[in-house]
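Reviewing the structure listed below.
Here, each number is a calculation from the coordinates, and none is a lab measurement. Everything numeric in this text was worked out from a predicted model, so none of it was measured. For neighbour counting, all protein chains shown are included, and Cβ atoms are generated from backbone atoms with ideal geometry for every residue, glycine included.
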Amino acid sequence: MDEDHVRSVIFNAIGAASFGAPLDPALADAVRSGRKIKLDDLGFDSLAWMEFCIAVELQTRLELLTSDIEAMATLGEIEDWLRERVGHA
Amino acid sequence: MRDFAQKARECSTENAWNRLHIDLENVLAPQELAQLARYEQSAGPFIRTAKWLDKLRRLSPDVFDAPRCFQAEPLHANLTLYRGAPYARNRRLLFTFAGNAGRVMLPMPVFLQLFDPLAWDVLVVCKQRGQSYCDAALQDIAPAAAGLLDLAEYRSVACLGTSSGGFPAIVAALRIGAAVGVSVGGSPPPADRFAFPAGLGGSGSTRLVYVHGADFERDGVSAAILARHAPGEILAVPGVARHNVLAALIAEGTIGALLDSIGISGGG
């Protein structure tokens with residue numbers, strides 16, 4: 001999974017967690033360019049994080065759980081989690 | 001219940017279970033959830049479902065102990081009527097507009113449990129994924145609903161919307177002459193995609209209320225913007241520092257007081 005694919009997975013998952021609402025353009029740009037984004041800044045509640053994890057699993061068959069995310073602080077850590085598991089799905 | 005058993009067999013990961021539970025939460029009436037809980041106890045154990053049911057029980061024990069009887073009736077791709085007791089007189093219609101998550105800030109059975117089916121029917125507008133309340137079809141949903149239901153059979157109509165459903169609830173309340181229109185945590189629509197109808201604030205007979213958590217600044221700003229378009233009362237709920245005001249109040253056991261204060265008393 002290359003950088004673009006990882007970011008695409010995360011971008012799509014953020015879209016799912018936002019329930020199809022248009023993403024803030026600045027956030028969309030930051031995700032696409034890989035800038036550091038704090039998870040708290042996404043403003044997701046527990047339901048949104050469930051949708052995020054479901055979307056990641058549907059795209060990658062990797063089972064990212066909300067309990068995994070609780071230990072993370074930035075989107076970059078989720079990217080790392082995905083990269084580390086490439087090829088193991 | 002056969003549908004549930006079939007879908008449960010297909011769930012092989014925690015996320016798949018979450019998908020199933022979220023989808024159920026968004027549509028089940030209270031007595032259907034209570035029935036599912038009985039099924040889980042008799043045909044289970046479905047461990048993850050039992051945990052999910054426990055979470056809902058903590059939120060609203062009455063859903064399981066004395067579930068309200070509403071019958072779901074799809075009217076349209078975006079409209080579901082949860083019909084109470086059709087023989088009761090002096091009934092009211094609660095016309096609700098769900099937020100982006102497809103719910104009125106609460107799981108549907110928990111929300112419906114707040115209302116007496118002898119006094120209320122509850123109509124839910126729910127966007128399909130990717131739809132916007134700015135789409136033409138949804139901007140006209142209030143007149144469409146008025147064409148599908150005989151609003152005159154109701155003693156009164158109240159409109160309530162949450163999050164992205166807040167402003168459409170206000171607009172609908174004014175368009176159909178509802179007694180009250182309530183936006184909870186509502187946000188203004190993008191100006192380039194939605195124009196507030198001219199003279200929107202002109203009706204003096206519809207009470208408008210904008211509810212938000214007093215300690216959640218973003219929603220306070222949004223309420224003020226909405227109230228400039230359609231003047232009404234701004235109700236900042238003390239001690240709530242989150243967007244989901246209804247979840248905060250149901251956890252505190254004070255949601256009934258809020259409903260009473262905005263003219264949507266659960267008992268009618």
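Using the 2.2 N^0.38 Å rule of thumb for compact globular proteins, work out how the protein assembly as shown stacks up: its C-alpha Rg over that value, please. Walk me through the intermediate numbers first.
On the way: Rg = 20.9 Å, N = 357, 2.2 N^0.38 = 20.5 Å.
Normalised Rg, Cα atoms only: 1.02.
Of B:GLN128, B:PHE95, B:HIS243, whose Cα points farthest to the positive end of the dipole of the protein assembly as shown (charges on the beta-carbon: +1 Lys, Arg; -1 Asp, Glu; origin at the Cα centre)?
B:PHE95
Over the range B:1-134, one equal point on each Cα, no solvent: what is log10 I(q)/I(0) by the Debye formula at q = 0.13, 0.14, 0.17 Å⁻¹?
-0.57, -0.66, -0.95
Enter the mean number of other protein chain beta carbons within 10 Å of the beta carbon of each residue in A:11-17, as an integer.
Numbers: counts 0, 0, 0, 0, 2, 1, 2.
Mean shielding by partner chains, rounded to a whole number: 1.
Let's see if you can work this out: charge +1 on each Lys and Arg Cβ, -1 on each Asp and Glu Cβ, no other charges. What is the dipole magnitude of the range B:1-135 about its Cα centre, in debye to the nearest 20? Don't skip to the answer; put the middle values down first.
Details: 18 positive and 14 negative charges, 12 e Å.
The dipole of the range B:1-135 has a size of about 60 debye.
Tell me, A:MET50, A:MET72 in order of fewest to most beta-carbon neighbours within 10 Å? Write down the numbers at each step before the final one.
Details: A:MET50 22, A:MET72 14.
Ascending Cβ contact count within 10 Å gives the list A:MET72, A:MET50.
With Cβ to Cβ distances under 11 Å as the rule, what net charge do the other residues near A:SER46 carry (K, R +1; D, E -1)?
Overall, the nearby charge balance is -2.
Would you mind ranking B:TYR39, B:TYR87 so that the residue whose beta carbon has the fewest other beta carbons within 10 Å leads the list? The partial results should precede the final answer.
Details: B:TYR39 16, B:TYR87 7.
Listed from fewest to most nearby Cβ atoms, that is B:TYR87, B:TYR39.
If you put +1 on each Lys and Arg Cβ and -1 on each Asp and Glu Cβ, how big is the dipole of chain B around its Cα centre, in Debye rounded to 20? Kindly include the intermediate steps, with their values, before the conclusion.
Values: 25 positive and 24 negative charges, 44 e Å.
The dipole magnitude comes to about 200 debye.
Work out the P(r) tail for chain B: percent of alpha carbon pairs separated by more than 32 Å, whole number.
In whole percent, the share of Cα-Cα pairs in chain B beyond 32 Å is 22.
Given A:ALA21, B:SER163, B:VAL63, which one lies farthest toward the positive end of the charge dipole of the protein assembly as shown, if we put +1 on the Cβ of every Lys and Arg and -1 on the Cβ of every Asp and Glu?
Looking along the dipole axis, the top candidate is B:VAL63.
Which ordering of A:PHE11, A:PHE19, A:PHE52 is given by a fewest-first count of other beta-carbon atoms within 10 Å? Walk me through the numbers before you get to the answer.
Numbers: A:PHE11 15, A:PHE19 18, A:PHE52 26.
By the 10 Å Cβ count, ascending: A:PHE11, A:PHE19, A:PHE52.
Could you give the spread of the C-alpha atoms of the range B:67-196 along their three principal axes, from largest to smallest, in whole angstroms?
Sorted largest first, the three principal extents are 45, 28, 24 Å.
Residues of B:12-18, mean number of Cβ from any other protein chain within 10 Å of their own Cβ, rounded to a whole number? Walk me through the numbers on the way to the answer.
Working: counts 1, 7, 9, 14, 4, 0, 9.
Taking all residues of B:12-18 together, the mean is 6.
Going down the table (B:LYS7/B:LYS55; A:LYS38/B:LYS7; A:LYS38/B:LYS55; A:LYS36/B:LYS55), which pairs top 31 Å between alpha carbons? Each step should come with its number before you reach the end.
Details: B:LYS7/B:LYS55 20 Å; A:LYS38/B:LYS7 35 Å; A:LYS38/B:LYS55 28 Å; A:LYS36/B:LYS55 34 Å.
Going by Cα-Cα distance, A:LYS38/B:LYS7; A:LYS36/B:LYS55 fall outside the 31 Å limit.
Lys/Arg Cβ at +1, Asp/Glu Cβ at -1, dipole of chain B taken about the Cα centre: which of B:ILE255, B:ALA29, B:ALA8 is farthest positive-ward?
The listed residue farthest towards the positive side: B:ALA8.
Which whole-number percentage describes the relative contact order of chain B, with Cα contacts under 8 Å and a sequence gap of 6 or more?
Values: 493 pairs, mean separation 39.3, N = 268.
That works out to 15 percent.
Kindly rank B:6-14, B:63-71 from highest to lowest mean number of other beta carbons found within 10 Å of each residue.
On the way: B:6-14: 13.0, B:63-71: 17.8.
Result, highest mean first: B:63-71, B:6-14.
What are the principal axis extents of the Cα atoms in the range A:1-71, in Å, biggest first?
28, 27, 24
Taking the Cα centre as origin and putting +1 on Lys and Arg beta-carbons and -1 on Asp and Glu beta-carbons, what dipole magnitude results for the range B:201-261, to the nearest 20 debye? Mind showing how you got there, number by number?
Details: 4 positive and 6 negative charges, 41 e Å.
I would put it at about 200 debye.
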